[in-house]
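Here the structure comes first, spelled out in structure tokens, and everything after it is commentary.
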């Protein structure tokens, strides 16, 4: 806007010249809101945009005439629309602007708030090494299109993700883990998700677990072997798990049942190399395990989860509840005291009784019976097998029996025969004097 003056001097023939002055005021162009539609927003994402005006005399002051601005965002007097919308929709806002001369004008301004950007894809199909992956389109809900997809971290070797969200390619290695994807709306709003993905190995369709013995005996060591029914086109990783189910009344586990390579573990890892069918353990082509000394069942479970379909095989062995077994005896003599020390095991963790038979040396006659009943053994063994200390040794025991020879010396005894009685029978062991 401005003011000025114009002068004119009309000239006509035959007349005197005169001078006229006209005053003109120039007014600026009309005040108007030039924004007809605000940039799109997204529920749950920060937003910021400006309303623009022209004409009139700045500065401009904006205000909302309609009471329909989306919850979570607001209009500042300088025309800044900002906040984080909590609801979506497409609305027309009635806006007024005024300039420094108090002139005003109104306009209708559109604003689209897209729904919250959320992932709809929660699972991915399994892939197979060296086989084209089934093209999979990642899906999201909400947002303002077009959407752009990307992988947060490197994808498994051989796979790629297009910007439109199509996962494809030919996997070149085994993968079993989590992949993270990001979707970005036109508004810059982002959403990230983590989805499990498995790339498996094709080839074998069966797994065979075998042992070097058709039956398992107490206190023995055996060898287990794993084979697939066909070579693999990628490295197969598997585990062999060992478990024990007790047949004893207390139901306690038996730590003796373990792998010989690591007595503290009941899991042994193996792998089947590319082009082979034999499982390889840390110690070679097989793994050895201990059967222990407690009656029950041993279960071996071999599994390969990363094959094109999970493979597994099971072997189960019954550990028999045999009678108690005396493995060794030792005699110690001191004056009239004879101490018998016996080692052995009782598969049912119970001894119901026993006898001790003494054979004198030549020329010595025993004044009493040569056979001594050991009724007290039942309580002694019951107490022992209830202790925590006995658990680590299965059903193994060391039995000390001190015996006083009345009216004679321990050296008068030439031989001792110990018999232990259990639920399923008895077992004897004889020790001669040295």
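The values are calculated or read from the model by the stated rules, or taken from the named source; none is laboratory data. Because the structure is a prediction, the values reported are computed rather than measured. When we count neighbours, we look across all protein chains shown, and the Cβ atoms used for this are built from the backbone with ideal geometry, even at glycine.
Key figures for this structure:
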quantity	calculated
Candidates 307, 342, filtered to the one that is within 60 Å of the chain's Cα centre (by Cα), at pLDDT 95 or above and crowded, with 16+ Cβ neighbours inside 10 Å	342
Those residues of segment 151-176 which are more than 23 Å from residue 238 (Cα to Cα) and part of a loop (DSSP other than H, G, I, E, B), in sequence order	152, 153, 154, 155, 158, 162, 163, 164, 165, 170
Candidates 226, 144, filtered to the one that is in a strand (DSSP E or B), buried (at least 20 other Cβ atoms within 10 Å of the Cβ) and either out of contact with any helix residue (DSSP H, G or I) (no Cβ under 8 Å at 6 or more places or on another chain) or at pLDDT 95 or above (or both)	226
Condition met for residue 179 (within 30 Å of residue 258 (Cα to Cα), assigned to a strand (DSSP E or B) and at pLDDT 95 or above)	no
Test result for residue 93, more than 27 Å from residue 147 (Cα to Cα) and modelled with pLDDT of 95 or more	no
Selection count where residues are part of a helix (DSSP H, G or I) and buried (at least 18 other Cβ atoms within 10 Å of the Cβ), scope segment 404-421	2
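The rows are residues; the columns are (1) more than 29 Å from residue 256 (Cα to Cα); (2) over 55 Å from the mean Cα position of the chain (by Cα); (3) buried (at least 16 other Cβ atoms within 10 Å of the Cβ).
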site: 327; (1), (2), (3): no, no, no
site: 336; (1), (2), (3): yes, yes, no
site: 395; (1), (2), (3): no, no, yes
site: 402; (1), (2), (3): yes, yes, no
site: 423; (1), (2), (3): no, no, no
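Condition check ((1) assigned to a strand (DSSP E or B); (2) touching a residue at least 60 places away in the same chain (Cβ under 8 Å); (3) in contact with a helix residue (DSSP H, G or I) (Cβ under 9 Å, 6 or more places away or on another chain)) across all residues:
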{"site": "318", "(1), (2), (3)": "yes, yes, no"}
{"site": "326", "(1), (2), (3)": "yes, yes, no"}
{"site": "329", "(1), (2), (3)": "yes, yes, no"}
{"site": "333", "(1), (2), (3)": "yes, yes, yes"}
{"site": "338", "(1), (2), (3)": "yes, yes, yes"}
{"site": "351", "(1), (2), (3)": "no, yes, yes"}
{"site": "355", "(1), (2), (3)": "yes, yes, no"}
{"site": "369", "(1), (2), (3)": "no, no, no"}
{"site": "382", "(1), (2), (3)": "no, no, no"}
